[in-house]
1. For the chain, which DSSP H helices look membrane-span-like by this rule: Cα extent along the axis of 24 Å or more and mean Kyte-Doolittle of at least 1.0?
2. Quick one: 34, 11, fewest Cβ neighbours within 10 Å first, how do they rank?
3. Over what distance in Å are the Cα centres of region 87-120 and region 28-46 separated?
4. If each residue's Cβ is checked for other Cβ atoms within 10 Å, how do 112, 126 rank with the fewest at the top?
5. Fewest first, what order do 10, 57, 40 take by the number of other Cβ atoms within 10 Å?
6. Within 14 Å, Cβ to Cβ, of residue 116, how many net charges do the neighbouring residues add up to if Lys/Arg are +1 and Asp/Glu are -1?
7. Under a cut-off of 16 Å between alpha-carbon atoms, report the aspartates and glutamates in cross-link reach of residue 141, not counting same-chain residues fewer than 8 places apart.
8. For the chain, what is the relative contact order in percent, using Cα pairs closer than 8 Å and at least 6 residues apart in sequence?
Amino acid sequence: MQNPEKRIVDFINEHHVLTLATSVENSPWCANCFYTYLEDENCFVFTSDEETKHVQDVLANSNVAGSVVLETNTVGKIQGIQFAGTMQKPTKSLATIAKKAYLKKFPFAVLMKTSLWILNPEIIKMTDNRLGFGKKLVWRKAKYSQSR
């Protein structure tokens, strides 16, 4: 699998909060989650309680979307990503890798009683005005629909 280009990966690694969007029965919801990113696996890792609305939504519909943004008032510095993919609990060796990476970045999470989740992006669109106003970089997972 070809991973996103370095500029996208670097942006993802420079941040730590994503906005997650879910939808079930035509009812959308957003949640903000602390994350770490596993480059080799090309996935976001975060924790969340099983009782939250967004996790309950994912249990019914694992298709999700989200964003990570740089807050700035300077138009020439605007950067952010939008993504869509699927969310699930990691299994087997990925669960071990994900837990180790998450706790390394957020050691306080060891005290929390939440579940570990991964988000596998199928498309990532990055806006980076430092490259020119409205400049977009797009990565798609192989065989992902061009319709988004």
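Bear in mind these aren't lab numbers, they're just calculated from the coordinates by the rules spelled out. Bear in mind that the values here come from a model prediction, so they are computed numbers and not experimental data. Neighbour counts are summed over all protein chains in view; Cβ atoms, including those assigned to glycine, are modelled from backbone coordinates with ideal geometry.
1. The answer is none, since no helix passes both cut-offs.
2. Result, fewest neighbours first: 34, 11.
3. Going from one Cα centre to the other spans 10 Å.
4. Sorted ascending by nearby Cβ count, the order is 112, 126.
5. Going from least to most buried by this count: 40, 10, 57.
6. +4
7. Result set, ordered by chain and number: 5, 39, 40, 41, 122.
8. After rounding, I find 25 percent.
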